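Comments concern the structure below.
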Amino acid sequence: MLDNIDRKFRLKERITKPFLRNINPNYVSILGLLLSIPTGYLIFMEFYLFASIFLILHSYCDILDGAIAKKYKKTKKGDFLDHTFDRLSDTFIFLGLTFNPKINSVLGFLTIIIILLVSYLGTQSQALTKKRLYSGFGRADRFLLLFIFLIVSEFWFVLNYGVLLILILSLISFVYRFFIILKSL
């Protein structure tokens with residue numbers, strides 16, 4: 001969903017332009033991975049405002065590493081590391097949610113499984129059709145929704161509803177991507 005908005009308004013380009021430097025984007029990917037650990041921990045500890053700040057920093061690194069790689073010729077190795085670190089980051093952040101005492105742990109584990117499967121289908125599409133599939137409710141959408149629910153939960157606890165909404169939208173995306181890939185084969 002956010003990808004369509006970005007194509008129209010070029011938001012990623014605007015927010016990364018001041019920080020584009022010819023550095024190894026893998027370092028930025030590593031920083032993003034490292035930022036996901038305190039993000040998950042702060043969610044687990046119920047410090048939602050601080051968790052939302054770390055989530056924004058993590059997400060920015062995820063955008064920046066891709067922009068650097070694109071501008072300065074990304075490598076297959078970097079792409080592999082980026083996708084692997086993204087899955088690890090998703091897991092760290094959503095484990096924080098899953099083990100949060102106010103979150104239903106079954107809901108949390110189901111959400112982790114589905115978001116990993118959605119991402120898996122994106123890479124399967126790339127492997128089978130040579131085209132990465134980003135359609136549906138993707139990572140950026142997931143983190144934007146999580147960010148909003150973290151901020152609101154600082155004042156009024158609604159995080160269970162946020163996780164449930166992320167699960168439902170991710171499940172819809174999984175089914176959608178599955179049939180898109182199946183149709184293209």
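The values are calculated or read from the model by the stated rules, or taken from the named source; none is laboratory data. Quantities reported herein were computed from a predicted structural model and do not represent experimental measurements. Counting neighbours? That spans all protein chains shown, and the Cβs are built from the backbone with ideal geometry, glycine included. For accessibility, only protein heavy atoms count, side chains too; no ligands or nucleic acids. Shrake-Rupley method; radii C 1.70, N 1.55, O 1.52, S 1.80 Å.
Restricting attention to the stretch 122-142, report how many residues are crowded, with 20+ Cβ neighbours inside 10 Å and among the hydrophobic types (A, V, I, L, M, F, W, C).
Total meeting the criteria: 2.
Check whether at least one residue in the stretch 146-166 is under 24 Å from Asp65 (Cα atoms) and open to solvent by 40 Å² or more (accessible area, probe 1.4 Å), and report yes or no. Walk me through it before giving the result.
First pass over the stretch 146-166, keeping only residues under 24 Å from Asp65 (Cα atoms): 146-148.
Filter once more, keeping what is open to solvent by 40 Å² or more (accessible area, probe 1.4 Å): 147-148.
Yes, the stretch 146-166 contains a residue that is under 24 Å from Asp65 (Cα atoms) and open to solvent by 40 Å² or more (accessible area, probe 1.4 Å).
Name the single residue that is most open to solvent (accessible area, probe 1.4 Å) among those in the stretch 81-121 being among the polar types (S, T, N, Q) and touching a residue at least 24 places away in the same chain (Cβ under 8 Å).
Initially, the stretch 81-121 is screened for residues among the polar types (S, T, N, Q), giving 84, 89, 91, 98, 100, 104-105, 111, 119.
Those left that are additionally touching a residue at least 24 places away in the same chain (Cβ under 8 Å): 89, 91, 100, 104, 111, 119.
Values: Ser89: 2, Thr91: 37, Asn100: 3, Asn104: 83, Thr111: 1, Ser119: 9 Å².
Only one residue tops the list, namely Asn104.
Out of all the residues in the stretch 167-185, which are open to solvent by 30 Å² or more (accessible area, probe 1.4 Å) and touching a helix residue (DSSP H, G or I) at 6+ places or on another chain (Cβ under 7 Å)?
Leu171, Phe174, Phe178, Ser184, Leu185
Mind checking whether some residue in the stretch 56-78 is aromatic (Phe, Trp, Tyr) and at pLDDT 95 or above? Before the answer, list the steps.
Residues of the stretch 56-78 aromatic (Phe, Trp, Tyr): 60, 72.
Okay, now just the ones that are also at pLDDT 95 or above, so none.
No - not one qualifying residue is present in the stretch 56-78.
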